[in-house]
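Trainee: Quick one: structure below, then a few questions.
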Amino acid sequence: MIFSENSIKALTVFGLNNLEANVYLALLKEPGITGYRVGKNLGKAVSNVYQALESLVKKGLAILHCEGKDRRYSAVPVKEIISRFKSDLEAKSTNLERELKNLEAPQVDTSIYRIDNQAQLFSKIEALVSQSRSTILLTADPFLVKRVQPSIEQAAARGIKVLVLTFEDMELAGCESLKLTPGKNGAWPGHWIVMDIDGIQHLIAFFKKPDTLTHAIWCNDQYVSYWIHFGMLADFTLMTFFEETHEKDEFSEIRKRLFTLYSRYNHSHPDVKSLYTIFDNRS
């Protein structure tokens, strides 16, 4: 008596070994037979078959009938064992969910949040700076840098790497400061703070006037913050290159190439030379 491999696998996935699966199928085909008969039908050693039968009885998959000296076996009906398997699987799944849920870290809610007023804005900046673990990138008007200076200096004292880009020479204890020189028309219109924390959170605020917050957002989406982080770092690097080489003729060719590329895709202000001296006619 030979059964299909699929039939055997259908039973072994529920914890039966290969012989037990064959014995159960043999009992389905011929209920109420002896272990000796099962062994002969399967071509298996009778002693091993009796062990498999005993195991099936203990698992509730076979029924033992004692008729005088005869010990005969029948399979528990398929519908009954399927129902039992389903109940057992559901119980195991519930237990697994309960046990693993205790170990699972809570999901982090990532989104973009609006900040409505200056008090809320600077409170959030204080919190972000105090939570920083590795790096802070900051670009802002000098008066806004001074507003957050105590916080970023405390972060630097904790070992946080702080890089600031602004429009004046500033002494910021423990921080690195980069300066851009405004042109004849001043810096970009308005006032702003753009801050990235550890490459995983960022904050952007714009002021129409020094005391008038127009809009501000905070975002803790790590993917978005990743691009903000590297965009700021690239901008800091490029602007510093322009600032430090604008009076050096040996860099004029590479400056011209970079400025041509920069101005070609700069749609926000057609005359950047009027805003920053780094884009003077040497470029």
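Trainee: Given Gly39, Gly35, Gly43, which one is over 18 Å from Thr12 (Cβ atoms) and loosely packed, with under 15 Cβ neighbours inside 10 Å?
Mentor: Working: Gly39 fails: loosely packed, with under 15 Cβ neighbours inside 10 Å; Gly35 fails: loosely packed, with under 15 Cβ neighbours inside 10 Å.
Among Gly39, Gly35, Gly43, only Gly43 is over 18 Å from Thr12 (Cβ atoms) and loosely packed, with under 15 Cβ neighbours inside 10 Å.
Trainee: Residues being within 25 Å of Ala119 (Cβ to Cβ) and among the β-branched types (Val, Ile, Thr): count how many of those fall in region 225-255.
Mentor: 1
Trainee: Contact list please: Cβ distance under 7 Å, first residue in region 1-12 and modelled with pLDDT of 85 or more, second residue surrounded by 14 or more Cβ atoms within 10 Å (Cβ to Cβ) and not in a loop (DSSP other than H, G, I, E, B), pairs at least six apart or on different chains.
Mentor: Phe3/Asn22; Phe3/Leu25; Ser7/Leu25; Ile8/Ala21; Ile8/Asn22; Leu11/Ala21; Leu11/Tyr24; Thr12/Ala21
Trainee: Considering only residues that are closer than 25 Å to Phe167 by Cα and of a type in the set (Lys, Arg), look in region 89-148 and name the one that is surrounded by the most Cβ atoms within 10 Å (Cβ to Cβ).
Mentor: Lys124
Trainee: Would you mind listing the strands (runs of 3 or more DSSP E) fully within region 172-263 where at least 1 residues are basic (Lys, Arg) and surrounded by fewer than 18 Cβ atoms within 10 Å (Cβ to Cβ)? Please lay out each step first, then the result.
Mentor: Details: elements: 176-179, 191-197, 201-209, 212-219.
Counting at least 1 such residues, we get 176-179, 201-209.
The values are calculated or read from the model by the stated rules, or taken from the named source; none is laboratory data. This one's a predicted model, so the numbers in the text were calculated from it and none came from an experiment. In this analysis, Cβ positions are derived from the backbone assuming ideal geometry, glycine residues included, and neighbour counts consider all displayed protein chains.
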